[in-house]
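One structure is given below, encoded as structure tokens.
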Amino acid sequence: MCNRFTTRSAIPSCPPSPRRSGRDVARLIATGAVRTHLAALIALLVAIVIAILLFTMPAGLAIRATILGAVIGFFPIGWIVLNVTSCIG
């Protein structure tokens, strides 16, 4: 562990940690440096890679689980949209 400040000046004596926190990632999305849909796709790919490599999940099963998750996620949205449009028309 390094001493952040020297006794003579307020200049940090060691470089800041290269680790990113959740706030840094949120700041990148909030400032528009990374587009939201691109960040979501990158997170999806990272999750699939972690499932395959770290948890030794078969690749086909990981892809099918991703598709099933998307279908289950879009089902309530479609249910609401179809019910609202059928009541209006």
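Computed from the coordinates by the stated procedures, all read-outs in this text should not be read as laboratory data. From a predicted model like this one, the values you see are computed outputs, not experimental measurements. Neighbour counts are summed over all protein chains in view; Cβ atoms, including those assigned to glycine, are modelled from backbone coordinates with ideal geometry.
Points worth noting:
- Per principal axis, descending, Cα span of the range 22-88 in whole Å: 47, 36, 15
- Simple label model, 7 Å out from Cα along Cβ direction - Leu44 to Leu61, nm: 2.2 nm
- Residue-wise HN-Hα coupling along the range 54-60, computed from phi with Karplus coefficients 6.51, -1.76, 1.60 (Hz; x: Gly, Pro): 7, 9, 6, 7, x, 4, x
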